[in-house]
1. Any idea of the accessible area per residue across the chain, 1.4 Å probe, to the nearest Å²?
2. From the phi angles alone, apply the Karplus equation (6.51, -1.76, 1.60; θ = phi - 60°) to the stretch 237-243 and give each ³J(HN,Hα) in whole Hz, x where the residue is Gly or Pro.
3. For the stretch 19-60, what does the relative contact order come out to in percent, with C-alpha contacts under 8 Å and a separation of six or more?
4. Taking square-rooted eigenvalues a ≥ b ≥ c of the alpha carbon gyration tensor, is the stretch 70-138 rounded, prolate or oblate, where a/c under 1.5 means rounded and, failing that, a/b exceeding b/c means prolate?
5. Determine the equivalent ellipsoid of the stretch 187-276 by diagonalising the alpha-carbon gyration tensor, then write out the semi-axes as square roots of 5 times the eigenvalues, largest first, rounded to whole Å.
6. What relative contact order, as a whole-number percentage, does the stretch 145-276 give when Cα pairs under 8 Å and 6 or more residues apart are counted?
7. Subtracting the Cα-Cα distance from 0.36 nm times the residue separation, let me have the gained length for residue 225 to residue 182 in nm, one decimal.
8. As a test of understanding, state the convex hull volume per residue of the chain from its alpha carbons, in Å³.
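The values are calculated or read from the model by the stated rules, or taken from the named source; none is laboratory data. Please read all numbers here as calculations on a predicted model, not as lab measurements. All Cβ positions, even for glycine, are placed from backbone atoms using ideal geometry, and neighbour counts span all protein chains on display. Only protein heavy atoms, including side chains, enter the accessible area calculation; ligands, DNA and RNA are left aside. Shrake-Rupley method; radii C 1.70, N 1.55, O 1.52, S 1.80 Å.
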Amino acid sequence: AKKAGKRCYRMFSEKMRIDMYERLRLQERLSSALRDNRNIFLYYQPIIDVKTGRTMGREALIRWYQPDRGWVSPTDFIPVAENSDLIDRLGEFVLTKACCDAAGWDDGLPVAVNVSAAQLGRDTLTSMVRAALARSGLSHDRLEIEVTETAVLNNEAGAIRDLLQIRDLGVRVALDDFGTGSSSLTHLLSFPFDKIKIDGSFVQDAVQRKKAAAIVGAIAGLGARLGVTTVAEGVETRDQLRLVVREGCRAIQGFHTGRPAPMENDAHVIAALTGE
Ligand code: C2E
Ligand code: CA
Ligand code: CA
Ligand code: CA
């Protein structure tokens, strides 16, 4: 038993070593991509007002292409960035690029930018937001910051201080992935969010499972009573769309109404880079 234990231990540590090596490699590559401003792009996904059917804003989603490996998912490289100071450089890139892109949109719609837990509560985010707005000339009310519950949970007092400062600038703040973290309702009391985004997992379950549909309806009702817009995320089908509208969601975002896509300028660069 002891032997097996030892063997397990060795296998475990080898895996850890490979993971660590891989993480460092990714960190290094991400660092130079950010430094050279190469192969990193923002895609935009429309958020649709269900009443009018019109686009009411767009969420910026980061994309990274490694020429020898293809696209890397943000769910793979954001955590790597969060474990180092790269998250600040990445965050600054995203904020600045999103504000500059949005400042050029003819339709004057707002842009939503995701902010990581690691960026909150360190008194650095407000100045970063202010700088991005100043540099782009984007009107403050056209920027929205998306934070997840876990981001707020990590450092409650510090996170809320940062978010209040950002809100004082006239920037809106949305609570992302609502319902997936713990003590969601507490967060609604501790901060005046402007928008609640219902996680796609509830939306996708809702057509098959009455309970999930009830949760979507309850969150939408809660949003209405709090005077907060609720967005259903991850709407992939017409049935899901119908259901979330019936349950009272005011806005939707998902593949059914529009996939994330680059702006035209970037689309040319990306086509040349990937051969797609
Ligand atoms: P998120 O903020 O919840 O973003 C929504 C994710 O759902 C995006 O994945 C989007 O492409 C995907 N999505 C949109 N519609 C549908 C749909 O109908 N079905 C399904 N299955 N998925 C849909 P993406 O772009 O891979 O991003 C994953 C996560 O990475 C984001 O989740 C966000 O937490 C993080 N992320 C993305 N961009 C940034 C960024 O610029 N900064 C930070 N800090 N995090 C980011
Ligand atoms: Ca988001
Ligand atoms: Ca989300
Ligand atoms: Ca998510």
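1. Working: 14510 Å² over 276 residues.
Dividing the accessible area of the chain by its residue count gives 53 Å².
2. 10, 5, 4, 5, 4, 4, 5
3. On the way: 27 pairs, mean separation 10.7, N = 42.
Answer for the stretch 19-60 is 25 percent.
4. oblate
5. Equivalent-ellipsoid dimensions as semi-axes: 30, 18, 10 Å.
6. Working: 186 pairs, mean separation 23.8, N = 132.
Worked out over the stretch 145-276, it gives 18 percent.
7. Numbers: separation 43, 0.36 × 43 = 15.48 nm, distance 2.12 nm.
Answer, rounded to one decimal: 13.4 nm.
8. On the way: hull volume 47.2 nm³, N = 276.
Cα convex hull per residue, to the nearest whole number: 171 Å³.
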